[in-house]
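Let me begin by presenting the structure, written as structure tokens, before commenting on it.
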Amino acid sequence: MYQANEKRYSEMTYNRCGKSGLLLSAMSLGMWHNFGSAATYANMAEMVTTAFDLGITHFDLANNYGPVPGSAEENMGRILRRELRPYRDELIISTKAGYEMWPGPYGDHGSRKYLIASLDQSLRRMGLEYVDIFYHHRPDPDTPMEETAAALDQIVRSGKALYVGVSNYTPEQTAKMAGLMRALGTPLTVHQPRYNMLDREFFEGLEETLAKEGMGSVCFCPLAQGLLTDRYLHGIPADSRAASASPFLSENRITEELLAKVRALAEIARNRGQTLAQMATVWDLRNSLTSVILGASRASQITENVAALQNRKFSQDELDEIDRILKA
Ligand code: NDP
């Protein structure tokens, strides 16, 4: 059985999630890709245990991660049972509901019926009594926000989640939900927005609201699904996300215009003694955010990305040059 590295807490940084008592590792591991039904157990288990050995305590899932939907949670359940059972109290496991998960009117969006049934399913798939963070995955314009807020409050009071958050909510929606939750007596602890060098507006537009509401931020796609790495500099590798069946990153995103920027960014990274993946990861962390959720297809990527914490400082010249490249 796996035995965790005794020095796992020596290098990682832990950031307070807003004004809550929750500390999150500055880097988290996400299971949106490469943890589905076609993935091999050995590779998934190696990624999770490598992450944990490096001090990553936070693992991010959703009901629909796969494919097939639900299979990432089932696989995480296996890993928790076989490898991580003694370490449950050292782990933050998050899941979400908000996108289509099962047929009919109750398997999508933001109703009390959907959120509570979905979390019960997630707990069964992972073999857990509770998750640490439960998110409403996206805003639902048709369900009254009061109902979604009441469902999140009920979920915390029932002990099925310790903290709750939202993802993909605009600043206005976030402020409204935070106010509703405050009135119910259960804080809205965290927001999960997209944030990376190529896609920065959404999070930067949210920062003020999150600070005002005392919420933390856990950002997804810090490497723009692999575009902000050296993965595509010499063609499209057969084992990459762009070459895979994933509908979320198609080969036509990889244009000459993008590659010119990526090459220029990689040059700055090289001068810092980093890979582009490393620089892109810590560039996100220069900001106020609590944690970045990295994706990975192999353990070596996690090791490489966590090592980026050794050089987190940017000079003003580096930041200006990065902005110049991105705006070109
Ligand atoms: P990233 O932007 O970090 O992209 C991960 C991909 O980048 C990997 O699969 C790998 O691609 C490549 N990569 C990672 N490290 C390296 C490296 N060192 N060198 C070269 N390539 C590297 O994140 P994801 O897009 O995977 O998203 C991360 C997580 O965010 C998800 O798992 C999920 O938990 C969360 N998320 C949440 C959303 C929401 O709506 N709340 C939406 C999307 C994601 P390859 O596979 O080609 O090797």
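Can you bin every Cα-Cα distance in the stretch 280-328 into 10 Å intervals starting at zero and give me the percent of pairs per bin, rounded to whole numbers?
The calculated distribution, bin by bin, is 21, 46, 30, 3.
Enter the Cα centre distance for the pair the stretch 59-80 and the stretch 219-288, rounded to the nearest angstrom.
Here the two parts' Cα centres lie 25 Å apart.
What does the C-alpha gyration tensor say about the overall shape of the stretch 1-68? Classify as rounded when a/c is under 1.5, otherwise prolate if a/b is larger than b/c, or oblate. Intermediate results must be reported in sequence, preceding the final value.
Details: a/c = 3.27, a/b = 1.34, b/c = 2.44.
Oblate.
Of VAL282, PRO237, ILE325, which is farthest towards the positive pole of the stretch 228-328's charge dipole, taken about the Cα centre with +1 and -1 on the beta-carbons of Lys, Arg and Asp, Glu respectively?
Looking along the dipole axis, the top candidate is VAL282.
Using only alpha carbon positions, build the gyration tensor of the stretch 210-303, then give the equivalent ellipsoid semi-axes as the square roots of 5 times its eigenvalues, largest first, whole angstrom. Don't jump to the answer; show the numbers that get you there.
Working: eigenvalues 119, 57, 33 Å².
Each semi-axis is √(5λ); the values are 24, 17, 13 Å.
What translational D, rounded to a whole number of µm²/s, comes out for the stretch 16-120 from Stokes-Einstein when the hydrodynamic radius is the Kirkwood one over Cα pairs, at 10 °C and 1.306 mPa s?
Working: Rh = 14.7 Å.
For these conditions, the coefficient is 108 µm²/s.
Tally Lys and Arg at +1 and Asp and Glu at -1 over the other residues with C-beta under 14 Å from the C-beta of GLU208: what net charge comes out?
Numbers: positive: LYS212; negative: GLU172, GLU201, GLU204, GLU207, GLU213.
Summing Lys/Arg as +1 and Asp/Glu as -1 gives -4.
Just the C-alpha atoms of the stretch 120-215: what Rg/Rh do they give, with Rh taken as the Kirkwood radius? Let's see the in-between values first.
Values: Rg = 13.7 Å, Rh = 13.9 Å.
Value, to two decimals: 0.99.
Equivalent-ellipsoid semi-axes (√(5λ), Cα gyration tensor) for the stretch 170-327, whole Å, largest first?
Details: eigenvalues 179, 68, 44 Å².
Each semi-axis is the square root of five times an eigenvalue, giving 30, 18, 15 Å.
Of PRO141, PRO69, PRO222, which is the most mobile in a GNM of the chain whose springs link Cα atoms less than 10 angstrom apart?
So, out of PRO141, PRO69, PRO222, the one fluctuating most is PRO141.
Which residue, ASP120, ASP142, ASP284, tops the fluctuation ranking in a GNM of the chain built on C-alpha contacts under 10 Å?
ASP142
From the C-alpha coordinates alone, can you work out the Kirkwood hydrodynamic radius of the chain, in Å?
It is 20.2 Å.
Which of the aspartates and glutamates could be linked to LYS113 by a straight reach, that is with a Cα gap under 12 Å, when you skip same-chain ones fewer than 8 residues away?
Cα-Cα hits under 12 Å: GLU147.
Are there trypsin sites (Lys or Arg not before Pro) in the stretch 264-328 that DSSP marks as loop and that have at most 12 other Cβ atoms within 10 Å, and which are they? List each step's numbers first, then the result.
Values: sites: ARG270, ARG272, ARG286, ARG298, ARG312, LYS313, ARG324, LYS327; in loops: ARG272, ARG286, ARG298, ARG312, LYS313.
Taking the stretch 264-328 and a limit of 12 other Cβ atoms within 10 Å, the loop trypsin sites (Lys or Arg not before Pro) found are ARG286, LYS313.
Loop only by DSSP, 13 or fewer other Cβ within 10 Å of the Cβ. Give me the GluC sites (Glu not before Pro) in the stretch 20-110 that pass, ordered by residue number. Present the calculation step by step, with values, prior to reporting the outcome.
On the way: sites: GLU46, GLU73, GLU74, GLU83, GLU90, GLU100; in loops: GLU83, GLU100.
Answer by residue number: GLU100.
Using only Cα atoms, figure out Rg for the stretch 95-154 and give it as a multiple of 2.2 N^0.38 Å.
So the Cα radius of gyration is 1.04 times the expected 2.2 N^0.38 Å.
Which lysines have a Cα lying under 16 Å from the Cα of LYS176, excluding residues fewer than 8 positions away in the same chain?
LYS176 reaches LYS212.
Just the Cα atoms of the stretch 171-248: what Rg and Dmax do they give in Å?
For the stretch 171-248, the Cα radius of gyration and maximum Cα-Cα distance read 17.0, 54 Å.
No lab work stands behind these numbers, since they all come straight from the coordinates. Note that the coordinates shown come from a computational prediction; the quantities given were computed from them, not determined experimentally. Positions of Cβ are generated from backbone atoms using ideal geometry, with glycine treated the same way; all protein chains shown enter the neighbour counts.
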